[in-house]
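Some notes on the structure that comes next.
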Amino acid sequence: MTFAAEITARATALVAVLGADVESHDVATRVALLSDADAVTLAETAAALMRCAELAQVAAVGVIAARSTRDAGHSGLAQSRGHRTALSLVQELTGAGKADAARKVRVGESLLSVPEPVVDEIVGTASEKSPPPAWDAALGAALLTQTITAAQNDAIRQGLGEPVVAEDADDSAAEAAAAAWALAAKQLIAEAATVSLDELRQTARSVRDRLDPDGAHRRFLERFERRSVRLWMDADGNRRGSFLFDDEGWLLAQTMRDNALRPRRGGPRFVDSAERERAADLTADERTNDQLAYDLFLDVLRAGTLADAETVFGTRQAGVRLVRVVDASTSHTEDGLTTLPAAVADQHVCDSGYVPVTVDGCGNPLDVGREQRLFTTRQRIGLALRDGGCMWRGCDRPSSYCEAHHIDEWSADGGRTDIDRGILLCRFHHMNLHHRGWRITRDGKGDFVLHPPGDRVREEAIILQRRLPLTYAWAGIDPPPRRFRPAG
């Protein structure tokens, strides 16, 4: 199908749902009358049409940028239209903000260097061998074939950065690095359809840190050197402050806020009576979340090292749990799956100790049988390491906001409180599963599978994939198979 034919087909499908007689000002009213299925179809069709239009737009932006270089001087395309840079012209033409326009320029410029054989390989028509393409050629080719969007293309490209080799490395080392980055790009392209843009971007950064551990440590130190706090008074007399966090400082501040505001942000229901009463009081508090967070940080500053943790935070004191795979060059946080140098985890072992965890358990036997109704603290650590947060497709709730679900009902099915038969779900999805007829099954230690309710049994079951950063964090452990090795 030609590009023009594809656009025509998408537009025709859109009109078929909306109707040929609808006016622009009546679109919202017409959509409000659609059935649930038609509304979903309309959203999918519109997204497909937008991807076609976006491809044409970023290709044009790439050409504009190429014809507006500094070397072109006043005769450049953007300059001849009264703009100093291509970015400024793109902002005017598209109505985009500066960041979005810059993304369009980056993606558009990358398309100009995509060799045709790479595109042919993706669509399955390559017939002759050609010189090795650039490591990122598959990214441009995937955009041209609409396998990924421009935003996904940019998230992967910016996350992975450029292949890193030593200054004195020979050609073979450079080729090996390029091959490693190319493999990472292709793997992320394949996974882009199943994860959110934020998770894709985070995973790309995590992969880069594992391919380039020395660079990851350097970037960590650079962010540490940039840490700062500014306090000032604006023209209206408002006292203002600004933080630029290093990695560890951000994690601590984020955890403090999230733990204190947990009842308002969808925290677990299964808590003791005292915590439940405190949660009810906090939920009824008239202060906004931002005001509560402000008061929390002021309380911590006042109390300093003498703070009564239970008074400030409730039954769970704020803290950052780090996970380090044995012999790995990096570690990651339990919540958020942020990648950190392994030395950070080693440093915190001196202060906080550690819990040894195996692939199937942590410390004690994981099978607590019928005697224990709820998952133990150690089992929840194991679930957090394995799942990384709510396992429901598309959910971004971290482990600390999740509840442990028995896939075999403890009361109805005689289910056992074993880690292999448990899965982390956020409160919303846990309640949705119990009250809306969804089911989760698992064959042995295979994938968890989500089954739609009874009135939707014809829909295909959904395989619940672990968070992508975890997939790469546990590379070399079986499961899953190793995917990437440090480029050095």
- [ ] Give the residues of segment 449-466 that are of a type in the set (D, E, K, R) and at pLDDT below 75, sorted by residue number.
- [x] 455, 456, 458, 459
TODO: Residues being in contact with an Asp or Glu (Cβ under 9 Å, 6 or more places away or on another chain), assigned to a helix (DSSP H, G or I) and under 11 Å from residue 204 (Cα atoms): count how many of those fall in segment 156-190.
DONE: 5
Open item on the list: So residue 22 passes all but one of these: (1) in contact with a Lys or Arg (Cβ under 6 Å, 6 or more places away or on another chain); (2) part of a helix (DSSP H, G or I). Which condition number does it fail?
Closed with: (2)
- [ ] Return the pairs, sorted by first residue and then second, in which the second residue is loosely packed, with under 14 Cβ neighbours inside 10 Å and of a type in the set (A, V, I, L, M), the first residue lies in segment 155-170 and is touching a residue at least 12 places away in the same chain (Cβ under 8 Å), the beta carbons are less than 6 Å apart, and the residues are 6+ apart or on different chains.
- [x] 155/197
Task: Residue list for segment 1-26, filter: open to solvent by 70 Å² or more (accessible area, probe 1.4 Å), of a type outside the set (A, V, I, L, M, F, W, C) and either touching a helix residue (DSSP H, G or I) at 6+ places or on another chain (Cβ under 6 Å) or touching a residue at least 40 places away in the same chain (Cβ under 8 Å) (or both) - done: 10
Open item on the list: Checking the structure you have, find out if any residue of segment 59-70 is of a type in the set (A, V, I, L, M, F, W, C), under 17 Å from residue 151 (Cβ atoms) and not in a helix (DSSP H, G or I).
Closed with: no
- [ ] Say whether the condition of being modelled with pLDDT under 90 and out of contact with any helix residue (DSSP H, G or I) (no Cβ under 9 Å at 6 or more places or on another chain) is met by at least one residue in segment 148-167.
- [x] yes
Task: Failed item, numbered, when residue 126 is tested on (1) at pLDDT 85 or above; (2) in contact with an Asp or Glu (Cβ under 6 Å, 6 or more places away or on another chain) - done: (1)
Task: Selected residue [polar (S, T, N, Q), touching a Ser or Thr at 6+ places or on another chain (Cβ under 7 Å) and modelled with pLDDT under 75] from 347, 372 - done: 372
TODO: From (1) of a type in the set (A, V, I, L, M, F, W, C); (2) at pLDDT below 85; (3) open to solvent by less than 70 Å² (accessible area, probe 1.4 Å), pick out the condition that doesn't hold for residue 293.
DONE: (2)
Task: Residue in segment 188-201 that is most open to solvent (accessible area, probe 1.4 Å), counting only those that are of a type outside the set (A, V, I, L, M) and farther than 14 Å from residue 466 by Cα - done: 198
Open item on the list: Residues to consider are 205, 230; find the one that is part of a helix (DSSP H, G or I), open to solvent by 80 Å² or more (accessible area, probe 1.4 Å) and at pLDDT 90 or above.
Closed with: 205
TODO: Mind telling me which of the residues 77, 93, 111, 139 ends up being at pLDDT 90 or above and crowded, with 19+ Cβ neighbours inside 10 Å?
DONE: 139
Task: Filtered residue count, segment 233-251, keeping only those that are surrounded by fewer than 14 Cβ atoms within 10 Å (Cβ to Cβ) and within 25 Å of residue 289 (Cα to Cα) - done: 11
Task: Condition met for residue 382 (assigned to a loop (DSSP other than H, G, I, E, B), surrounded by 15 or more Cβ atoms within 10 Å (Cβ to Cβ), modelled with pLDDT of 80 or more and of a type outside the set (A, V, I, L, M)) - done: no
Open item on the list: Testing residue 218 on (1) within 20 Å of residue 248 (Cα to Cα); (2) under 14 Å from the mean Cα position of the chain (by Cα); (3) open to solvent by 40 Å² or more (accessible area, probe 1.4 Å); (4) not small (Gly, Ala, Ser), one condition comes back false. Which one is that?
Closed with: (2)
Task: Criterion: more than 27 Å from residue 3 (Cβ to Cβ), of a type in the set (A, V, I, L, M, F, W, C) and surrounded by 14 or more Cβ atoms within 10 Å (Cβ to Cβ) - qualifying residue of 48, 99, 72 - done: 72
- [ ] Evaluate the following for residue 220: is it of a type outside the set (Gly, Ala, Ser) and part of a helix (DSSP H, G or I)?
- [x] yes
Open item on the list: Criterion first (at positive phi and either surrounded by fewer than 21 Cβ atoms within 10 Å (Cβ to Cβ) or modelled with pLDDT under 85 (or both)) does residue 446 satisfy it?
Closed with: no
Task: Condition check for residue 469: at pLDDT 80 or above, surrounded by 14 or more Cβ atoms within 10 Å (Cβ to Cβ) and not charged (D, E, K, R) - done: no
Open item on the list: Kindly evaluate residue 420 against the criterion of being open to solvent by 40 Å² or more (accessible area, probe 1.4 Å), at pLDDT 85 or above and either farther than 30 Å from residue 179 by Cβ or among the acidic types (Asp, Glu) (or both).
Closed with: no
TODO: Could you list all residues from segment 252-277 that are open to solvent by less than 60 Å² (accessible area, probe 1.4 Å) and at pLDDT below 75?
DONE: 262, 263, 266, 267, 268, 271, 275
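The values are calculated or read from the model by the stated rules, or taken from the named source; none is laboratory data. Quick caveat, the model's predicted, so the values are computed rather than measured. Heads up, the Cβs are rebuilt from the backbone with ideal geometry, glycines too, and the neighbour counts pull from every protein chain shown. When the accessible area is computed, the model is the full protein with side chains, heavy atoms only, and any ligands, DNA or RNA have been set aside. Shrake-Rupley method; radii C 1.70, N 1.55, O 1.52, S 1.80 Å.
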